[in-house]
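Everything on this sheet refers to the single structure shown next.
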Amino acid sequence: MTFELALRATEILLAIAFLQQSAEHIFGAHAAPLLFLPRAVLSIALLAGCHSPGVLMALCIHSLLILNRFQGPYNGGSDRMGLLILYCLCLSRWLPDGLPAQSAFGYLGIQVILSYFISGQVKIVNPEWRSGRALADVFSFSAYPAAENLRSLAGCPRLLWAASWAVMLFEVLFPLSFINPTVLIAALAVAATFHLANALLFGLNRFLWFWIASYPSLLWLQSRLFEGG
């Protein structure tokens, strides 16, 4: 994947993620609907490829208003990832061509790798995750709108133990997928499926869109480091 193609793919996917987030505020029952209207308009412009550097800078400035309104990334990890992608993209478009611009985009890829690895490392040292109890609690006591038939999974300890270890091992071993482009694509497909399952089961739809928006940076970085692309 070329640098320019990776940048453009990331812009398109980030615009979709921002549009989905903005729609929740504009048309839903969320706070500050008018605050997210400019983000929606700018996201449409980014999606259309209208002067991306200027649009990205405007989105960065507007993000400061949202951070001030909610006193930080109000939706936790997904908002932080969205801002990381936005700022790295903006730097990549405004910094000089060559190593400076590529370094900003490569930084995004490195952070995505670490996001999976650290998440797995935190889980694997937690005895409740190693025993499967953490997942049991998610299905038993979580406020997420899981269906009643899914809550019954809390009574399947062997299944939850296997699922817990599958998640932990995938996350801590994720950096190893970087050694081969085919393995990386397969790992990203598994990761996207994992995020999709979380979106369908628990309504964590923002994680799906924002993490997928970061994947072009991984595909480009892998080709840049290991294939000289």
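Read-outs throughout are calculated quantities, based only on the coordinates presented, and are distinct from any laboratory measurement. Predicted model only: the values in this text are computed from it and were never measured. Heads up, the Cβs are rebuilt from the backbone with ideal geometry, glycines too, and the neighbour counts pull from every protein chain shown.
Here are some notes:
- Within a Gaussian network of the chain (alpha carbon springs, distance under 10 Å), most fluctuating of ASN198, ASN68, ASN180: ASN68
- Normalised convex hull volume, the range 4-54, alpha-carbon set, Å³ per residue: 61 Å³
- Between amide H atoms placed 1.01 Å from N, distances below 5 Å from CYS156 occur with no residue 5 or more places distant or on a separate chain.
- FRET efficiency estimate (nearest 0.05) - Cβ-Cβ, HIS30 to SER131, R0 41 angstrom: 0.65
- Whole-Hz ³J(HN,Hα) from phi, Karplus 6.51 cos²θ - 1.76 cosθ + 1.60, for the range 105-112, glycine and proline x: 6, x, 4, 4, x, 5, 5, 5
- Extension gain for THR193 to VAL41 (0.36 nm times residue separation, less C-alpha to C-alpha distance): 51.8 nm.
- For the range 156-188 versus the range 34-83, the inter-centroid distance based on Cα atoms is 31 Å.
- Pair ILE124, ARG69: separation of 7 Å Cα→Cβ label points (nm): 4.1 nm
- For the chain, the spread of Cα positions along each principal axis, largest first, Å: 54, 47, 26
- Cα-Cα P(r), the range 22-124, percent of pairs per 5 Å interval: 2, 12, 17, 21, 18, 14, 10, 4, 1
- Only Lys, Arg, Asp and Glu carry charge here, each on its Cβ (+1 for the first two, -1 for the last two); on that basis the chain has a dipole of about 260 debye about its Cα centre.
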